[in-house]
RNA sequence: GGCGCCUUGGCGGAGUGGCUACGCAGCGGCCUGCAAAGCCGUUUACACCAGUUCGAUUCUGGUAGGCGCCUCCA
C-alpha cells in the first residue's frame, strides 16, 4: 500500500489519504432529465477508476454515486415528452445505467436516489429549522446562509459577493437573497409530491446529497467528488447544510474539470453535447475510456472528432502490441486460453516491466495522474516492440491497462463466424504466395478484407486481424 | 465586477530550476512480393515583457488572450 495523495479543493493543498480508515467516496452523479453526454461520463469514469486503483493498493474503498431524480428540469422534460415525471425519471435512470454500464468500468458500490431519501431529508430539514439555520416560509423552507459562518469556504467567496439568483417571484419568500431552498411546496403542474410538516412538496436541490452521503458513508467521510461546476453553489450548500446540523462532512474535495467542445464547456444548456451512447457506438468503449483518461482529471479536456480518432488509434496501437507480442497463433485461440493476466508470469523482479509498472502506479498515487501513467504504458510498449524479447512486458502492460479500465485490450481478438472459411482462405493464400502467384494472393486478401479481416504477413507467418 | 484556473512543438496532453514525457498526424527511411503492423530518423515547444538565478518553459511581478463558477449544469 503506497501513500495516495489528492489535491483538495477546500484547502488547496495536496492531502494524503488515511490508510487506516475506509476511503468513502461520494461523487455527484447526474440529474436524470435526459441521456448523459461525454462530459457527464468523465466523473463516472474518473471516480470508478480511482476507486479501483485504491482497492488494488489495499485501501478499503466504498464508492457512492447518486442519482438526482427530483428536479425542476425533470418535471419540464417529462411534460414535454408527455409522460409522468416519475416514469420519465425512471426511464432516464435506466438509460443512464445502461450507458455507463457500457463503459465497462463497473458499477459504484451504491447508487442512492433522491426519491428514496425523502424521509431523511425531511428529518435533516427539521433539525435545521429547530437549530435556527432554516426557516419555513409559505410552504417552502430556506437555509439561512448568514447563520453559517463557514459559508463560502469551499468556493472561496464572501457571502456579500454572492447572489443565489433565483427568479424574483419566489425570492420574496426568502429573508435574504442568498438564502437557498431546502424544500419547495408543490407547484401547479407538478405530478409528484411528498408529505412534510410544511405541507406537500419536494426536496430542493443540494439537500439530498447531504443526506445520502452521510447515510451511505457515515459522517466525516474521506472524499467528496464531482464536476468543478458543482463547487458553487451545490457543494458549498451541502457543507452548510451538513455542518450546520452538527454533522461533519467530507474531509477532502476532489473536482474534475470540464469536457469542452469547440473551446467551450460541453453542457446541455449550451447545446454542444455529444451523447455518451453515440460515442460508444461510434468509437468503441476502449477509445472512450482512453479518451477520458488522456488528460489529468482536474484539467479541462478538449473534445472533438480529432481527439476521438486519436483515442481510437492509441487503443489500436495497444491492441497491436498484444497481437504481435503473443505471436502469430494466438489470434484464433479462445479468449480464456490466451488471457494475459492468468497465463503470463508476473513481471520479473527488478526488470524493466516491473519498473514501468511501479512508475505507473506511482503516477496514479500522485493525484491520480492518468496521462503520466499512460506514458509509462507506451514507453514499455515501445521498449518491448524494439526488443527481441522482454519477459514480463505483456503481463505488466496488461496489469496497467486493467487498472484503468482497458484490460480488454489484452484479450485476443474474437474469432468471427467466418473463422473456418477465413482459415481456409489463408491457407490458399499461403500456397499462392509460395508459388509466387501474387495476383491470386492479393485477390484472396481482398476477399478477406471484405469479410472484415486485415491480413498481416509477419516474419513468423501470416496473421488475420479483425478490422476495427 | 468578484473568485479560481489556464496559455507547451500541426493537434491532444504531462512535467521539470540545468537531462527525449507520451500519444496522434505529416515527411523521409528500414523491413516486406505488395500492404499492414513494427522499428529508425525528422520539423531549434514551452504567449509576451521584466526580475531572481551560474542557468527559467519550470520561481516572482506585470501585460495580452482564453476558460470555468457567480442562474440549471459532471
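Compute the long axis of helix A:85-101 from its Cα atoms, compare it with the longest principal axis of the Cα atoms of chain A, and write down the angle in degrees, 0 to 90, nearest 10.
Approximately 30 degrees, to the nearest ten.
Return the FRET efficiency for the residue pair residue A:119, residue A:91: r is the Cβ-Cβ distance, R0 is 25 Å, and the value is rounded to the nearest 0.05.
Values: r = 24 Å, r/R0 = 0.97.
With R0 = 25 Å, the Cβ-Cβ based efficiency is 0.55.
Round to the nearest 0.05 the FRET efficiency obtained for residue A:72 and residue A:378 when R0 = 41 Å and r is the Cβ-Cβ distance. If you can, show how the numbers build up before the last one.
Values: r = 46 Å, r/R0 = 1.12.
The computed FRET efficiency comes out at 0.35.
Please arrange A:268, A:187 by counting, for each residue, the other beta carbons lying within 10 Å of its beta carbon, fewest first.
Details: A:268 16, A:187 13.
If I rank by nearby Cβ atoms, fewest first, I get A:187, A:268.
With n ≥ 4 as the cut-off for DSSP H runs, can you work out [θ] at 222 nm for chain A, using -39500 (n - 2.57) per run divided by the number of residues, rounded to the nearest 500?
Counting only the DSSP helices, I get -13000 deg cm²/dmol.
How far is the Cα center of region A:25-90 from the Cα center of region A:226-300, in Å?
When both Cα centres are located, 10 Å separates them.
Residue separation times 0.36 nm, minus the C-alpha to C-alpha distance between residue A:109 and residue A:354: what's the value?
Numbers: separation 245, 0.36 × 245 = 88.20 nm, distance 3.09 nm.
Contour length minus the Cα-Cα distance gives 85.1 nm.
I need the P(r) histogram for region A:419-466: all alpha carbon pairs, bin width 10 Å from 0 out to the longest distance, whole percents.
Going out from 0 Å in 10 Å bins, region A:419-466 shows 28, 63, 9 percent.
Based only on Cα atoms, what mean projected area does the convex hull of chain A have, in nm²?
Numbers: hull surface 102.3 nm².
With every direction weighted equally, the projected area is 25.6 nm².
Between residue A:447 and residue A:313, how high is the FRET efficiency from 1/(1 + (r/R0)^6) when r is the Cβ-Cβ distance and R₀ = 25 Å? Nearest 0.05. Walk me through the numbers before you get to the answer.
Numbers: r = 26 Å, r/R0 = 1.06.
Efficiency computed from Cβ-Cβ geometry: 0.40.
What is the extension gain from residue A:282 to residue A:438, computed as 0.36 nm multiplied by their sequence separation minus the C-alpha to C-alpha distance, in nm to one decimal? Before the final figure, lay out each step's value.
Details: separation 156, 0.36 × 156 = 56.16 nm, distance 3.54 nm.
Computed gain between residue A:282 and residue A:438 is 52.6 nm.
Given N residues in region A:1-256, what is Rg(Cα) / (2.2 N^0.38 Å)?
Numbers: Rg = 18.2 Å, N = 256, 2.2 N^0.38 = 18.1 Å.
Scaled against compact globular proteins, the figure is 1.01.
Rounded if a/c is under 1.5, else prolate if a/b beats b/c, else oblate: with a ≥ b ≥ c from the C-alpha gyration tensor eigenvalues square-rooted, which is region A:216-272?
Values: a/c = 3.78, a/b = 2.44, b/c = 1.55.
It comes out prolate by the Cα gyration axes.
Based on other C-beta atoms within 10 Å, arrange A:124, A:403 from fewest to most.
Working: A:124 24, A:403 21.
Taking fewest neighbouring Cβ atoms as first place, the list is A:403, A:124.
Between residue A:420 and residue A:457, what length comes free when the chain is fully extended (0.36 nm per residue of separation minus the Cα-Cα distance, one decimal in nm)? It would help to have the intermediate numbers written out before the result.
Working: separation 37, 0.36 × 37 = 13.32 nm, distance 1.90 nm.
Length difference between fully extended and current span is 11.4 nm.
Would you compute the Debye intensity of region A:52-203 from its alpha-carbon atoms alone, equal scatterers and no solvent, and pass along log10 I(q)/I(0) at q = 0.11, 0.13, 0.15, 0.17 Å⁻¹ to two decimals?
Taken in order of the listed q values, log10 I(q)/I(0) reads -0.60, -0.81, -1.00, -1.13.
Need one number: % antiparallel among DSSP beta bridges in chain A, to the nearest 5.
Working: 23 of 43 bridges.
Counting DSSP beta bridges with both partners in chain A, the antiparallel share is about 55 percent.
Starting with the fewest neighbours, write out A:135, A:151, A:291 ranked by other beta-carbon atoms found within 10 Å of each beta-carbon. Could the numbers behind the result be given before it?
Numbers: A:135 18, A:151 22, A:291 26.
Starting with the residue having the fewest Cβ neighbours, the order is A:135, A:151, A:291.
So for each of A:235-247, A:357-369 I average, over its residues, the number of other beta carbons within 10 Å; can you give me the resulting order with the highest mean first? Don't jump to the answer; show the numbers that get you there.
On the way: A:235-247: 22.3, A:357-369: 19.8.
So the peptides A:235-247, A:357-369, ranked by packing, come out A:235-247, A:357-369.
Every number here is computed from the coordinates shown, using simple stated rules; none is lab data. Everything quoted here is computed from the prediction, not taken from an experiment. Cβ: placed from backbone, ideal geometry, glycine included. Neighbour counts: every protein chain shown.
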